[in-house]
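Asker: One structure, as C-alpha cells, below. Some questions next.
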Amino acid sequence: MGKIVRVYSGSDGESHFEEMTPDQLSNIVNNVGPGDITVNRRSSPSESDYHNAPRLQYVVNLAGTAEFETADGSKVRMEPGDVLVAEDLTGHGHIARSLGNEFRVSLAIPLAD
C-alpha cells in the first residue's frame, strides 16, 4: 500500500497533514457514508485555489501525481496508490495541484459523519 495522509481542520482554523497507518485507514474505510463515489480526472499541470473538502471522504490517487499544500507551506505529494483522507471541512482549506504531463485520475469515496 502507498502513502496514507489525512488533511484535517485544526483548532487554529488551518488545515494540517497527518500520516496514517494502514490500520487507521482500515477503521475509516469500513465507515463508507451516503453519496456518490466519484471519479475525478484533472489535466496537468493544474492548481486549485484554497478550498475545503466538499465532504468527509477518502481519495485514492489512481494515475498521475498530485500535490496538496496547506497555508503553513506544508506539502504532501501523492502518487498512484496513495490515499488522502479529506476531513478539512472548515477553516482555510488546502490547495490541490496536478503535476507532470499526464492526467491525474482519482476516486473519491464518501465517509459517514
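The values are calculated or read from the model by the stated rules, or taken from the named source; none is laboratory data. Because the structure is a prediction, the values reported are computed rather than measured. Note that we place each Cβ from the backbone using ideal geometry, even for glycine, and neighbour counts take in every protein chain shown.
Asker: Anything in the stretch 94-113 that is surrounded by fewer than 16 Cβ atoms within 10 Å (Cβ to Cβ) and either assigned to a strand (DSSP E or B) or not small (Gly, Ala, Ser) (or both)? List them, or say none.
Answerer: Result: ASN101, GLU102, PHE103, LEU107, ASP113.
Asker: For THR38, are the conditions met, namely being under 30 Å from GLY100 (Cα atoms), free of Cβ contacts under 8 Å to residues at least 24 places away in the same chain and loosely packed, with under 14 Cβ neighbours inside 10 Å?
Answerer: no
Asker: If you don't mind, another one. Consider ARG77 carefully, then state whether it is farther than 16 Å from ARG6 by Cα, assigned to a strand (DSSP E or B), modelled with pLDDT of 95 or more and not β-branched (Val, Ile, Thr).
Answerer: no
Asker: Let me spell it out: the conditions are (1) over 16 Å from VAL105 (Cβ atoms); (2) assigned to a strand (DSSP E or B), and VAL39 meets all of them except one. Which number is the exception?
Answerer: For VAL39, the failing item is (1).
Asker: Next question, about the same structure. Checking ASP23 against (1) more than 13 Å from the chain's Cα centre (by Cα); (2) charged (D, E, K, R); (3) surrounded by 12 or more Cβ atoms within 10 Å (Cβ to Cβ); (4) not in a strand (DSSP E or B): exactly one of these is not met. Which one?
Answerer: Exception for ASP23: condition (3).
Asker: Another question, then. Considering only residues that are among the charged types (D, E, K, R) and more than 12 Å from the chain's Cα centre (by Cα), look in the stretch 47-65 and name the one that is nearest to GLU87 (Cα to Cα).
Answerer: Across the stretch 47-65, the extreme among qualifying residues is ASP49.
Asker: Kindly list, by first and then second residue, each pair from a residue in the stretch 48-68 that is more than 27 Å from ASN30 (Cβ to Cβ) to a residue that is aromatic (Phe, Trp, Tyr), limited to pairs with Cβ atoms under 6 Å and residues at least 6 apart or on different chains.
Answerer: What qualifies is GLY64/PHE103.
Asker: With (1) more than 19 Å from ARG77 (Cβ to Cβ); (2) assigned to a loop (DSSP other than H, G, I, E, B); (3) more than 14 Å from the chain's Cα centre (by Cα) as the list, and SER44 as the residue in question, which single condition is left unmet?
Answerer: All conditions pass for SER44, except number (1).
Asker: Pick out the one residue from VAL32, VAL5 that is β-branched (Val, Ile, Thr), at pLDDT 95 or above and on the phi < 0 side of the Ramachandran plot.
Answerer: From the options VAL32, VAL5, the qualifying one is VAL5.
Asker: Six or more apart or on different chains, Cβ atoms under 9 Å: show the pairs whose first residue is in the stretch 72-93 and without any contact (Cβ under 8 Å) to a residue 24 or more places away in the chain and surrounded by fewer than 21 Cβ atoms within 10 Å (Cβ to Cβ) and whose second is assigned to a strand (DSSP E or B) and acidic (Asp, Glu).
Answerer: LYS75/GLU67; LYS75/GLU69; ARG77/GLU67
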